[in-house]
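Taking it in order: structure first as C-alpha cells, then the write-up.
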Amino acid sequence: MAGNAGEIVHADGRVELADASALASSPLWNEDLAPVPLARRNWTTYNFAALWISMAHCIPTYMLASGLMNSGMDWRQALFTILLGNVIVLAPILLNSHPGTKYGIPFPVFARAAYGTGGSNLPALMRALVACGWFGIQAWIGGEALHTFFAAVIPGWPALLGTGFSGHSTTEWLSFLLFWGLNVFVIFRGMDLLRRVENWAAPYVLVVTLVLLVWAVREAKGLGPLLAQPGKFRTFAEFFPVFVPSLTAMIGFWATLSLNMPDFTRYGRSQRDQVVGQVVALPTTMFAFAAMGVLITSASAIIFGEAIWDPVKLVGKFTNPAVVAVAMFSVVVATLAVNIAANVVSPANDFANALPRLISFKTGGLITGLVGIAMQPWRLLADPKGYIFDWLLWYSGGLGSVAGVLIADYWILRKRTLDLKSLYERDGAYSGWNRAAVVATFGGCFLALGGRWLHALRPFYDYAWFVGFLAAGGLYWLLMRVRPLEAPEGAAR
C-alpha cells in the first residue's frame, strides 16, 4: 500500500519506516522513542487485558469506594460511580491508543503531530509530573506492605532503628526506600521484563484477593454492616452535587493512561487486539476489585470491630507470619506491576522526549523515581477525601485539556494520517511549536481549574475533566480552521 515517502504501509493499516537508520542522527531520535518495527509488535489481546487487570488490582482501586462512602454515598452509589467513570474514560483511552498501534510510536512522539516537535514537551511534561506523583504514592504503599511483612517476621521491627521523623518510624522509611529500589531495578531491566511481570501478576493478585474475600465472608458469617448502611442522600438533588465531582475524579484516576496508552499499544499486534483487550479488562476489573474492597471491609467491621479499608493494615491484624508473608508478597507484586506500567513507562519516555540525546528510558525512569519522592506521597495519602477531591479532581482538568487537543487533531483534522518520518525531523512537517495547541491547552486548563481559586468558575471545577476536554478540543479545532494544516511550517506555527 502507498504511504508518505520513507514509509511502508502494510495491508492491516500499520505503518513502519522503510529505513530507520536515516533518522539516527536526528536530535529528535533515540532508540526508546523510535517507532517499533512490525516484527517487535507482538502484544496480544491477553497482554493488553493482563496489563489493565494488573494495573487495576492495586490498593488505590481497592480503597476508591471508601472515599466516596465517606462523602455520603452508599455502597451501590459508590460502585456505580466507579463503573461509569471507567466506561467514560475508556473512550479517550481507545481513541489515543490507535496511533500507537498504527505507527508504533510512544505518546510524546504522537504529541508532536498536534503540538509540534518542540511543543510536545508541554503535554509530555504535564503528564510526567502527574505520573511522578502517582509513582510516589504507589511506592509508599509498597513500602507499607514491606514494612508489615518485616514486622511479622522480625521481632521488634517497627522500633528497631528508632522513632524516625514526620510521624513515621525509621524502619517505615527504610521499607519505602527498599520498595523504591525494586522499582528502579525493573526499570533498568526494560519493557520485556515488564510484560512478563504483568502476565503472571494479573491472575495471581486476583486469586489471592478472592481467597481473602472468601475468608472474610466466612469469618464474619455474612457480608457485614457496610452493605446495610444507608447513604446520606435522600433525593437526587442532594446526591448530584457530590456525584459530579466524584465521577470526574474517577475519570481522573486513569486520565493519565488516556494520554499515554500509545506507550503500550505501539507494541500491539493489531488494532483489534488492543481494543478488545482494553474493553474487556478495564471497566470490569475496576468495578470488581473496588467491589471486593467494599465486601472485605464490610466483613472486617464484624471480625475486628472496625471497618478497615486499607488491606495492608487489615493483613497486619493477622498473627501467622506465613499468612502475612503471602498476603504482603501479593501486595508488593500488585503495587510493583501497576507502578512500573502506569507511572514509569510514560514519564520515562516524556523526559527522554525533552532531551533525546541526553536522557534514555532508564535515565527518565530514575528521574521519575526521584521526583516521586520529592512530591511527598505520604502527605497525598493522609486524607481520603483530599486524595479524591483534590489530587484526582485537580489534575484531571489539565490532562483532559491535552486529551481534547490530541483527539481533535488526530481524529478530526488529520483523519488518522500522520507523516511518520517527519515526527523525527527538526525541519519536517511538525517542526517547532503549534501555538494553536498551546493556547487551546491553557484555555481548557483555565476554564477547568480556575474554579479552584475563582468563585465565578467554581461550577466548572466539579466537571474539570469534561470542561478541559471539550473546551480545549473545541478551541483547538477553531484555531486550526483559521490556520489550516497545509499552511507552511515555521519555528512557531
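Points to keep in mind about this one:
Per-residue answers, yes or no, for (1) farther than 23 Å from Phe264 by Cβ; (2) among the aromatic types (Phe, Trp, Tyr); (3) touching a Phe, Trp or Tyr at 6+ places or on another chain (Cβ under 6 Å); (4) surrounded by fewer than 24 Cβ atoms within 10 Å (Cβ to Cβ):
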position: Ser54; (1), (2), (3), (4): no, no, no, no
position: His57; (1), (2), (3), (4): no, no, yes, no
position: Pro60; (1), (2), (3), (4): no, no, no, yes
position: Ser66; (1), (2), (3), (4): yes, no, yes, yes
position: Met69; (1), (2), (3), (4): yes, no, no, yes
position: Ala78; (1), (2), (3), (4): yes, no, no, no
position: Val87; (1), (2), (3), (4): no, no, no, yes
position: Ala91; (1), (2), (3), (4): no, no, no, yes
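- Only one entry of Phe165, Phe150 meets the criterion of being over 24 Å from the mean Cα position of the chain (by Cα), within 20 Å of Lys317 (Cβ to Cβ) and at pLDDT below 90, and that entry is Phe150.
- Subset tally (residues that are more than 20 Å from Trp75 (Cα to Cα) and surrounded by 19 or more Cβ atoms within 10 Å (Cβ to Cβ)) for region 287-331: 8
Rundown of residues vs (1) farther than 29 Å from Ala334 by Cβ; (2) touching a residue at least 60 places away in the same chain (Cβ under 8 Å); (3) more than 18 Å from the chain's Cα centre (by Cα), yes/no style:
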site	(1), (2), (3)
Val9	yes, no, yes
Ser21	yes, no, yes
Ser26	yes, yes, yes
Leu51	no, yes, no
Val87	no, yes, no
Leu95	no, yes, no
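- Gly143 crowded, with 24+ Cβ neighbours inside 10 Å, touching a residue at least 40 places away in the same chain (Cβ under 8 Å) and part of a helix (DSSP H, G or I): no
Residue-wise test of (1) in a loop (DSSP other than H, G, I, E, B); (2) touching a Ser or Thr at 6+ places or on another chain (Cβ under 7 Å); (3) within 30 Å of Ile105 (Cβ to Cβ); (4) not hydrophobic (A, V, I, L, M, F, W, C).
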| position | (1), (2), (3), (4) |
| --- | --- |
| Val208 | no, yes, no, no |
| Val214 | no, no, no, no |
| Leu223 | yes, yes, no, no |
| Ser246 | no, yes, no, yes |
| Val294 | no, no, no, no |
| Ile308 | yes, yes, no, no |
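- Region 332-371: number of residues that are surrounded by fewer than 24 Cβ atoms within 10 Å (Cβ to Cβ), outside any helix (DSSP H, G or I) and not basic (Lys, Arg): 5
- The residues of region 10-32 that are assigned to a loop (DSSP other than H, G, I, E, B), touching a helix residue (DSSP H, G or I) at 6+ places or on another chain (Cβ under 7 Å) and hydrophobic (A, V, I, L, M, F, W, C), listed by number, are Leu28, Trp29.
- For region 256-306, taking the residues that are in contact with a His (Cβ under 8 Å, 6 or more places away or on another chain) and of a type outside the set (Val, Ile, Thr), the one that is modelled with the highest pLDDT is identified as Gln271.
- Filtered residues of region 33-60 (kept if touching a Ser or Thr at 6+ places or on another chain (Cβ under 8 Å), assigned to a helix (DSSP H, G or I) and more than 30 Å from Glu16 (Cβ to Cβ)): Ala56, Ile59
- The set of residues from region 406-420 being part of a helix (DSSP H, G or I) and either modelled with pLDDT under 95 or within 12 Å of Phe110 (Cα to Cα) (or both) comprises Leu406, Ile407, Asp409, Tyr410.
- Taken over region 71-99, the residue count meeting the criterion of being farther than 30 Å from Arg414 by Cβ, among the polar types (S, T, N, Q) and touching a Pro at 6+ places or on another chain (Cβ under 8 Å) is 0.
- Residues that are buried (at least 18 other Cβ atoms within 10 Å of the Cβ), outside any helix (DSSP H, G or I) and under 23 Å from the mean Cα position of the chain (by Cα) do occur in region 443-463, at least one of them.
The values are calculated or read from the model by the stated rules, or taken from the named source; none is laboratory data. This one's a predicted model, so the numbers in the text were calculated from it and none came from an experiment. Quick reminder, even Gly has a Cβ in these numbers, built from the backbone with ideal geometry, and neighbours come from all protein chains shown.
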